Amino acid sequence: MTATVMADPAKARVHYNEPMSRHTSWRVGGPADVWFKPRSRVELVEFLQRTDPATPVHWVGLGSNLLVRDGGIRGVVIATAGCLEHLRLTSDGLVEAEAGVPCTVVARHCARWGVGPAEFFAGSPGTVGGALTMNAGAFGGETWQHVVDVEVVNRRGEVTRRTPADYEVQYREVRGPRGEWFLSARFRFDAAQPTSMDGVRSLILQRQAKQPLGMPSCGSVFRNPPGDFAGRLIEAAGLKGFRRGGAQVSDKHANFIINTGKATAADIEDLIRHVQVTVAERHGVDLVTEVHVIGEPAAGERA
Ligand SMILES: Cc1cc2nc3c(=O)[nH]c(=O)nc-3n(C[C@H](O)[C@H](O)[C@H](O)COP(=O)(O)OP(=O)(O)OC[C@H]3O[C@@H](n4cnc5c(N)ncnc54)[C@H](O)[C@@H]3O)c2cc1C
């Protein structure tokens, strides 16, 4: 354990050498030196203040867009899922959600409150924090179209509020001030376009027909290049069903890589590289990953 942290395991939920495979939707990933799940904002702020500033800190929501390498994560992982779960409709009609709230829960509550359109949130099996980081979107909607402001925290535990003007928001990518993480956001939805859970259910059924939703994956691995679809390019390169170890390009949807049971993160990363090289050779297109890759390779592996 290389990280220096000052958390009291008896008080907070701190695990040492926590396998990240338990916290990623691909079900792969080596151990995090320290895994910390705060029970309150106060506990989170105290933890950040007491952690050695030289210790790397990573934030993880539901791990549904994350490839953690097999050697694991040096430093601290702050896990928001299952905590930071406050969600409410404010008196001025904004939806306020903390970073750990699952996006599907936001969609459900928007339907109950009669505001929308928030169907797109039901398409992402992640948290609000992950959706803000990725500008998650589905069914024609995107997270940042609705952001009024966000609350962020830095390494010193200082909490500030920022507006979208502080961020460069693109397709599945958000750039903002470094060294800050999302604590919560306020969204503006419209009572004239209420979220329809029936609509969500039918869109999800359509997805089930096209995507391998029963297998461990991280959804779409690559961003769609301008004017085209990554899945179409991968399929046209003959890569549907192609395997590296336990990782396989899905037969059902070529932009999904599935863990067939015993994949390692190295299998998945090798397959990602193979897809990128093959698509560049066949189509002259450089596919960019949507998924974030973090951590160290296992001893003897190359990154
Ligand atoms: C089956 C399946 C289908 C999917 N479909 C879609 C889809 O339709 N549309 C779509 O956009 N995505 C989709 N995804 C991808 C994924 O669900 C989204 O990107 C989601 O927003 C990730 O949220 P998360 O909480 O899992 O983030 P994680 O995977 O835990 O983290 C992703 C990134 O966000 C950072 N992060 C997480 N929380 C915070 C925080 N509080 N502050 C700062 N940084 C943070 C992490 O450090 C990491 O860099 C799909 C994934 C799966 C498995």
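The values are calculated or read from the model by the stated rules, or taken from the named source; none is laboratory data. Please read all numbers here as calculations on a predicted model, not as lab measurements. In this analysis, Cβ positions are derived from the backbone assuming ideal geometry, glycine residues included, and neighbour counts consider all displayed protein chains. In case anyone asks, the SASA skips ligands and DNA or RNA and just uses the protein heavy atoms, side chains included. Shrake-Rupley method; radii C 1.70, N 1.55, O 1.52, S 1.80 Å.
The mean sequence distance of close C-alpha pairs (under 8 Å, at least 6 residues apart), as a share of the length of segment 18-83, puts its relative contact order at 47 percent. Heavy-atom accessible surface of segment 157-276, averaged per residue, reaches 51 Å², computed with a 1.4 Å probe. Counting only DSSP H runs of at least 4 residues, each contributing -39500 (n - 2.57), and dividing by the residue count of the chain, the helix-based mean residue ellipticity at 222 nm comes to -7000 deg cm²/dmol. Under the rule a/c < 1.5 gives rounded, and otherwise a/b versus b/c splits prolate from oblate, where does segment 170-222 land using the Cα gyration tensor? Because a/c hits 1.5 or more and a/b fails to exceed b/c, segment 170-222 counts as oblate. At a 1.4 Å probe radius, carbon and sulfur cover how many percent of the accessible area of the chain? Carbon and sulfur: 50 percent of the exposed surface of the chain.
Label separation (Val285 vs Phe139): 2.6 nm, computed from points 7 Å beyond Cα along the C-beta direction.
Share of Cα-Cα pairs in segment 177-257 beyond 20 Å, in percent? Everything past 20 Å amounts to 55 percent. Note on segment 144-202: Rg/Rh from Cα positions, Kirkwood definition for Rh, rounded to two decimals, is 1.09. With contacts taken as Cα pairs under 8 Å and at least 6 residues apart, segment 13-142 reaches a relative contact order of 20 percent. By the Cα gyration tensor, the chain has an equivalent ellipsoid whose semi-axes, rounded to whole angstrom, run 30, 27, 16 from largest to smallest. Extension gain, Gln170-Asp228: 0.36 nm per intervening residue step, less the Cα-Cα distance, totals 19.2 nm. If you take the Cα centroid of segment 113-146 and the Cα centroid of segment 236-282, the two points sit 27 Å apart.
Taking Lys and Arg as +1 and Asp and Glu as -1, the other residues whose beta-carbon sits under 12 Å from that of Pro56 total -1.
Classification of segment 94-150 by its C-alpha gyration tensor yields a rounded form. The axis ratio a/c (a ≥ b ≥ c) stays under 1.5.
Sequence-distant contacts, meaning Cα pairs under 8 Å at least 6 residues apart, place the relative contact order of the chain at 18 percent. Enter the Cα centre distance for the pair segment 20-71 and segment 154-181, rounded to the nearest angstrom. After rounding, the separation between the Cα centres reads 18 Å. Potential lengthening of the chain between Val42 and Thr90 amounts to 15.1 nm, from the contour at 0.36 nm per residue minus the alpha-carbon distance. For segment 3-103, trypsin sites (Lys or Arg not before Pro) are listed when DSSP marks them as loop and at most 14 other Cβ atoms sit within 10 Å of their Cβ; the list is Lys11, Arg39. For segment 112-226, the C-alpha radius of gyration divided by 2.2 N^0.38 Å, with N the number of residues, is 1.16.
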